[in-house]
């Protein structure tokens, strides 16, 4: 009898405990809004939820990277746009100084404004992001991109040509900065011929910069220096021809020289004094290309404008140098801005796509693990009833004595 009583007692107690456990689980599912409290509840579903959580964490990181990338590109876009306005002003001032009526004081006034523009450009080229990085210094972004050499006075690029890419999706990584070397420093100085021998009172000038640039780029020979040597030869009968390294060009460039008139050749204008006797010749060569930046070009132009001994021909040469350098640099900035615009469009598109993926991820996860509110409340009520029944049963069993069994 005692054994039977103990069995009934234990069964009643276990019924209460099981009912409490089931009710506690239902309440936990409701409070945590998930039906999978442990992997044992649904092994396959738990594995899928874990995978979805990992995917969400990765997409969240991509979204954070997208925001940082957009901020960096937006800052660079603002800086370059401001620079572009300065380049237009430089061109306007340079063209104005070509007016032969400008006095020294007027030239100095132009030089003063150009110096202020130069300072502004120098500051913009050393712009820093919110984290203190120099945006145009490449990988060397903890040091200024440009410094001024205290000995030579030249503005020198101290960064490198690297850029830091940021991952914004599983397969898309975009640069978050552009090196100043590519935009501001990898710019050729104005191409012009170097005259090595010529008769007195003769001039060789670039009359069409675009045409001469095309000729220069097509003909400069870095491997065979003698191929860069040209000459204009005029014989005793006033017939002229252009030679390269002593040989006629193919096809030949020849004609009849009329004293006092220019001889044109691929953007060059040869002007000889009408009294120059023939035969004669002008020797010139294509010098090796040089690269500089707009800061140094402006510095030389400013010094030229401030110099009271500057000759008209020298001033015109510096004006042309400044205009050409400004034009090329402005084109580089335009290209950089176009590239930035493309990257910003990609960032926006990918960001929106990732946002949609997060919504899909959350919906899929909800289908797998999210608890049904009505079902959870029903389950709690059912377990509550079961618990009450078990409790009542336990009370009756616990109140039973040996005399009840004797009866």
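State all residues of the range 121-134 that are surrounded by 13 or more Cβ atoms within 10 Å (Cβ to Cβ) and more than 16 Å from residue 156 (Cα to Cα); if no residue qualifies, say none. Across the range 121-134, the qualifying residues are 128, 129, 133. What's the number of the only condition in (1) touching a helix residue (DSSP H, G or I) at 6+ places or on another chain (Cβ under 9 Å); (2) at pLDDT 95 or above that residue 282 fails to meet? Of the numbered conditions (1) touching a helix residue (DSSP H, G or I) at 6+ places or on another chain (Cβ under 9 Å); (2) at pLDDT 95 or above, the odd one out for residue 282 is (1). Among the residues of the range 311-342, how many are in contact with a helix residue (DSSP H, G or I) (Cβ under 6 Å, 6 or more places away or on another chain) and either without any contact (Cβ under 8 Å) to a residue 24 or more places away in the chain or more than 30 Å from residue 212 (Cα to Cα) (or both)? The qualifying residues number 2. The set of residues from the range 163-183 being more than 15 Å from residue 133 (Cα to Cα) and surrounded by fewer than 16 Cβ atoms within 10 Å (Cβ to Cβ) comprises 167, 170, 171, 173.
Does residue 111 satisfy being crowded, with 16+ Cβ neighbours inside 10 Å, in a helix (DSSP H, G or I) and at pLDDT 90 or above? Yes, satisfied. When the residues of the range 192-220 are filtered to those that are exposed (fewer than 14 other Cβ atoms within 10 Å of the Cβ) and touching a residue at least 40 places away in the same chain (Cβ under 8 Å), which remaining residue is nearest to residue 281 (Cα to Cα)? Restricting to residues being exposed (fewer than 14 other Cβ atoms within 10 Å of the Cβ) and touching a residue at least 40 places away in the same chain (Cβ under 8 Å), the top hit is 197. The single condition among (1) in a loop (DSSP other than H, G, I, E, B); (2) on the phi < 0 side of the Ramachandran plot that residue 132 does not meet is (2). From the list 288, 236, the lone residue that is surrounded by fewer than 15 Cβ atoms within 10 Å (Cβ to Cβ), within 34 Å of the chain's Cα centre (by Cα) and either assigned to a strand (DSSP E or B) or touching a residue at least 12 places away in the same chain (Cβ under 8 Å) (or both) is 288. Among the residues of the range 178-187, is any assigned by TED's automatic domain parsing to the domain that holds residue 335 and free of Cβ contacts under 8 Å to residues at least 24 places away in the same chain? Checking the range 178-187: not a single residue is assigned by TED's automatic domain parsing to the domain that holds residue 335 and free of Cβ contacts under 8 Å to residues at least 24 places away in the same chain.
Scanning the range 291-315 for residues that are over 20 Å from residue 194 (Cα atoms) and part of a loop (DSSP other than H, G, I, E, B) yields 293, 307, 308, 309, 310.
The values are calculated or read from the model by the stated rules, or taken from the named source; none is laboratory data. Not measured: the values here are computed from a predicted model. Glycine also receives a Cβ, built like all others from the backbone with ideal geometry; neighbour counts cover every protein chain displayed.
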